[in-house]
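Okay, structure first, notes after.
The values are calculated or read from the model by the stated rules, or taken from the named source; none is laboratory data. This structure is a prediction, so every number in the text was calculated from the model and none was measured. Cβ sites come from the backbone with ideal geometry, for glycine too, and all protein chains shown count toward neighbours.
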Amino acid sequence: METAAPSAVIVAIDGPSGTGKSSTSKAVAAKLGLRYLDTGAQYRAITWWMISNGVDTDDAQAVAVAAGKPSIVSGTDPAAPTITVDGLDAAGPIRTQEVTSRVSAVSAVPEVRTLITELQRAIAAEAARDADGIVVEGRDIGTTVLPDADLKIFLTASAEARAARRSGELRGKEAADLAATKAALIRRDAADSGRKTSPLAKAGDAVEVDTTELTLDQVIECVVTLVEEKRAGRK
Ligand SMILES: Nc1ncnc2c1ncn2[C@@H]1O[C@H](COP(=O)(O)OP(=O)(O)O)[C@@H](O)[C@H]1O
Ligand SMILES: Nc1ccn([C@@H]2O[C@H](COP(=O)(O)OP(=O)(O)O)[C@@H](O)[C@H]2O)c(=O)n1
């Protein structure tokens, strides 16, 4: 069996939408020279493929049958993360409102989760072997995908703060008002937390950070400190 580099660190960051997982994880990985994996992008990518190939995303059976067909590849450089589906750049198409509204149904299908989880574990193992480690962000990383992670963080924030952050990102035609953004976000959280297979949940040994009143820089600093403490404790 291949072993991890002695100094490699695996960090799992979970939490609901808009808590700052992606921004924090990317910045922490860049600062500490780690790789970065956005697992939400992988679920979005498979959802995009289903929509593009005429698979009814509300038909769990049809989604399960098709789940193994697309080839999803994630680039883990935090300065320029990439995602391709069958060799096509999917970074833009996976962020549409249509994908956002359908991703929870697709990600709840056990066959989809099994395949994507395997992919995630392989990427983390490679980063532990060939690099200094990785920051992996999602919903079930600390509980299911990487239960032996060196450090687990669970980010939270009020629904109001999260909706304000999200609606600030939307532009032009897709811009929804704050109330609609908040309602959609709460719906997606409920679906992600309520599904049977590896729901959104805080691992028992995760450090919870409420980001409602914190700036992004403060959250990044807090997580960097926690990683450095972990590394120092292992020496
Ligand atoms: N602590 C914070 N304070 C203010 N805005 C934030 C904070 N953390 C993240 N943001 C902003 O909120 C939006 C959502 O953050 P993101 O990292 O994509 O969250 P998530 O990955 O949890 O959905 C982004 O526009 C980001 O810049
Ligand atoms: N580890 C993960 C990550 C995402 N997901 C699913 O993928 C969706 C999109 O995740 P995301 O991280 O891109 O969502 P945002 O919070 O960035 O809007 C979530 O709503 C979940 O349905 C999951 O089930 N498990």
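Points to keep in mind about this one:
- Counting only residues that are within 16 Å of ligand 1 (Cβ to nearest atom), part of a helix (DSSP H, G or I) and either surrounded by fewer than 23 Cβ atoms within 10 Å (Cβ to Cβ) or of a type in the set (V, I, T) (or both), the range 121-142 holds 1 of them.
- Test: residue in the range 120-136 that is at pLDDT below 95 and aliphatic (A, V, I, L, M): yes
- Once the range 65-84 is narrowed to residues that are surrounded by 15 or more Cβ atoms within 10 Å (Cβ to Cβ) and closer than 23 Å to R195 by Cβ, the residue that is farthest from ligand 1 (Cβ to nearest atom) is A66.
- So I116, is it within 13 Å of ligand 2 (Cβ to nearest atom) and out of contact with any Ser or Thr (no Cβ under 9 Å at 6 or more places or on another chain): no
- Looking only at residues in the range 16-37 that are touching a Lys or Arg at 6+ places or on another chain (Cβ under 8 Å) and within 18 Å of I116 (Cβ to Cβ), the one that is nearest to ligand 1 (Cβ to nearest atom) is S17.
- The residues of the range 189-207 that are surrounded by 17 or more Cβ atoms within 10 Å (Cβ to Cβ) and outside any loop (DSSP other than H, G, I, E, B), listed by number, are D189, D192.
- Hits in the range 6-58 - residues which are in a strand (DSSP E or B), within 14 Å of V209 (Cβ to Cβ) and within 11 Å of the chain's Cα centre (by Cα): A12, I13, D14
- Where V219 falls short, out of the listed (1) within 15 Å of ligand 1 (Cβ to nearest atom); (2) exposed (fewer than 15 other Cβ atoms within 10 Å of the Cβ): (2)
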